[in-house]
Amino acid sequence: MPTTAEAGLPGFEMTTGTRCSAPRPFRPRIVGQIQRDVSSIVNAPETKESMLGRDAIAVGGTPGELDALSAATTRCGRKW
């Protein structure tokens, strides 16, 4: 089976991710607390090290940062 470059797609890159989300309306205070708790776990040195051992990058951030990342994600060369 050829690589993606050999198949005519040089520079092809694929990423996956996992996100934590809640239904609206959700109390901002609770969203903030969950975000801080999850972010502290995701950004802990032992988590980052464990993820790198699986060829993954652990990133934790705010809901706004996640929205910006989602907006920048492309599919087939086009924004979602």
When the charge dipole of the chain is computed with +1 on Lys and Arg Cβ and -1 on Asp and Glu Cβ about the Cα centre, the Cα farthest towards its positive end, among V38, M1, T16, belongs to V38
Classify the range 28-72 as rounded, prolate or oblate, taking a ≥ b ≥ c as the square roots of the eigenvalues of its Cα gyration tensor: rounded when a/c is under 1.5, otherwise prolate if a/b is larger than b/c and oblate if not. oblate
Tell me which label goes with the value of mean projected area of the Cα convex hull in nm² computed from the coordinates here: [x] 7.3; [y] 5.7; [z] 16.6. [x]
Tell me, what ³J(HN,Hα) does each residue in the range 4-13 have, in order and in whole Hz, if you take phi through Karplus 6.51 cos²θ - 1.76 cosθ + 1.60 with θ = phi - 60° and put x for Gly and Pro? 5, 5, 5, 7, x, 10, x, x, 4, 9
Point-to-point label distance, A72-T16, nm (Cα→Cβ direction, 7 Å offset): 2.2 nm
Which loop GluC sites (Glu not before Pro) in the chain, with loop taken from DSSP, have no more than 16 other Cβ atoms within 10 angstrom of their Cβ? E6, E13
Full extension between M51 and E6 adds, at 0.36 nm per residue less the Cα distance, a length in nm of 13.3 nm
Calc'd 3J(HN,Hα), the range 51-62, phi into Karplus 6.51 cos²θ - 1.76 cosθ + 1.60 (θ = phi - 60°), Hz, glycine/Pro = x, comes to 5, 4, x, 10, 6, 10, 10, 8, 9, x, x, 7
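Each reported figure results from applying straightforward, stated rules to the coordinates on display, with no laboratory input. Worth saying up front: this structure is predicted, and the values here are computed from it rather than measured. Cβ sites come from the backbone with ideal geometry, for glycine too, and all protein chains shown count toward neighbours.
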